[in-house]
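**Q** Below you will find the structure I want to go over with you.
The values are calculated or read from the model by the stated rules, or taken from the named source; none is laboratory data. Owing to the predicted nature of the structure, the values given are computational and were not obtained by experimental measurement. As a convention, Cβ positions derive from the backbone with ideal geometry for all residues, glycine included, and neighbour counts pool all protein chains shown.
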Amino acid sequence: MSLFNTSELRRFREEVRDFLQTHLSEELRHETRGGLHMAREDMARWQAILHRRGWGAPHWPQALGGTGWTALQRYIFEEESAFADAPLGDVHGLFLAGPMLIAEGSDAQKARYLPRILAGEEFWCQGFSEPNAGSDLASLKTRARFDGAHWVIDGQKTWLSSGHHADLMFCLARTEPEAKPQAGLSVFILDMRDPGITLQPILTMDEGHSVNAVFFDNVRVPADAMIGAPNKGWGYAKDLLARERVNNAQAPRTKRDIVELDRLARECRGVDGRPLIEQAGVRRKLAVLTADFVALESAALSVIAEQMRGKEPGPAASTLKIRGSELQQRVSETAMALLGDAGLVLGADYGSGLLHPAGRGWAERHFFRRVVTIYAGANEIQKTIIAKSILDM
């Protein structure tokens, strides 16, 4: 399935593979493969290792800690990391807050926050969605008012991914209540330890704690906590969400999962005692998933190449998000079907005597992935974006 065959890229792939084999501990591999909700200290430990090697944020500009890699090199790194079961790290800091600060932040903000993201010393979360403002983000109610010295923030956010791990939040709030919904929004940096911030956990159907609700009660932040210009937050949010949708396509990790499906089909047996891979229906399903992945990977590489040339993905990010999220769900559904009763065990250590060795972590991924077609903009909303922006409907 490899797309790369030049000697230079092969040498680069070997360099990445050797680094992963040398520095990625079996403990971290085990934790990554076994579940979705890793401990912060494990993610931070791996990020620190990458940072020491100079690989902490391959997609950032080289002058700010990036690697200077090409789009293909970056994809190879992500692919090898997925196949090695390396942790993802602080996605919100590396892929969302960091790029937004690079594009719109002040020099002081870049100097203060970017080095700590790179080193895995501070984690971030994204304060966008609200109980009545998810896909319709422009209708959010959280308000920020300036009292002459501070911004005072009141309101509520929900589905706050990794909020319990985070030190900081980039928060979208309404600064011009009388303006049109998209015109009166600004982005602020909040310290999660600030007085007036209350975090409440939300357990998802996989029995994991990954999301939260957060309440702001008269939270005071300094005047320089705003990112970029006042009332320009909607534009910043659109750019950020486009990057998030490309990242959420998860092509390299889906590739890894499809390889794992093939292994499952060879190790699991049907009622006749024969490996499932010998069933024509199973082979056909794996072939269809593989073909659909190749199409996704090709599209993702095209968008990544455009990003590396300084172009934002625009509505193409919506197509990647739809196809990538749907494929993730189909892959985990197929894994559950192959595992049968063994796939019903939630928790890597619970009932381990009954769990098929190849099935560790699949139940958690299957249940959690119900949300991948919802977060970062529900797929129904993405189809509307495509209809308007690409099909001119």
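**Q** Just wondering, is there one or more residues in region 41-62 that are of a type in the set (Gly, Ala, Ser) and modelled with pLDDT under 95?
**A** No: region 41-62 contains no residue that is of a type in the set (Gly, Ala, Ser) and modelled with pLDDT under 95.
**Q** Of the conditions (1) without any contact (Cβ under 8 Å) to a residue 40 or more places away in the chain; (2) farther than 23 Å from ASN379 by Cα; (3) of a type outside the set (S, T, N, Q), MET226 fails just one. Which one is it?
**A** Just one mismatch for MET226, condition (1).
**Q** Kindly indicate the residue of region 87-107 that is at pLDDT below 95 and among the small types (Gly, Ala, Ser) and also farthest from the chain's Cα centre (by Cα) among those meeting that condition.
**A** ALA103
**Q** Moving on. Give region 353-374 a look and list any residue that's crowded, with 16+ Cβ neighbours inside 10 Å and either modelled with pLDDT under 75 or over 15 Å from the mean Cα position of the chain (by Cα) (or both), or say none.
**A** Once the filter is applied, which keeps residues that are crowded, with 16+ Cβ neighbours inside 10 Å and either modelled with pLDDT under 75 or over 15 Å from the mean Cα position of the chain (by Cα) (or both), region 353-374 yields LEU355, HIS356, ALA358, GLY359, ARG360, GLY361, TRP362, ALA363, GLU364, HIS366, PHE367.
**Q** Does LEU96 fit the bill of being touching a strand residue (DSSP E or B) at 6+ places or on another chain (Cβ under 8 Å) and either surrounded by fewer than 20 Cβ atoms within 10 Å (Cβ to Cβ) or in a helix (DSSP H, G or I) (or both)?
**A** Spelling it out, LEU96 is indeed touching a strand residue (DSSP E or B) at 6+ places or on another chain (Cβ under 8 Å) and either surrounded by fewer than 20 Cβ atoms within 10 Å (Cβ to Cβ) or in a helix (DSSP H, G or I) (or both).
**Q** Could you count how many residues in region 176-205 are touching a Lys or Arg at 6+ places or on another chain (Cβ under 8 Å) and among the acidic types (Asp, Glu)?
**A** Within region 176-205, residues that are touching a Lys or Arg at 6+ places or on another chain (Cβ under 8 Å) and among the acidic types (Asp, Glu) number 1.
**Q** Now a separate question. Please determine whether any residue of region 165-172 is over 20 Å from LEU114 (Cα atoms) and buried (at least 17 other Cβ atoms within 10 Å of the Cβ).
**A** No, that holds for no residue.
**Q** Only one of these is surrounded by fewer than 14 Cβ atoms within 10 Å (Cβ to Cβ) and over 26 Å from the mean Cα position of the chain (by Cα): PRO222, PRO201, PRO230. Name it.
**A** Going through PRO222, PRO201, PRO230 in turn, the sole match is PRO222.
**Q** May I ask you to list the residues in region 87-111 that are in contact with a Ser or Thr (Cβ under 9 Å, 6 or more places away or on another chain), within 15 Å of ASP167 (Cα to Cα) and not acidic (Asp, Glu)?
**A** VAL91, HIS92
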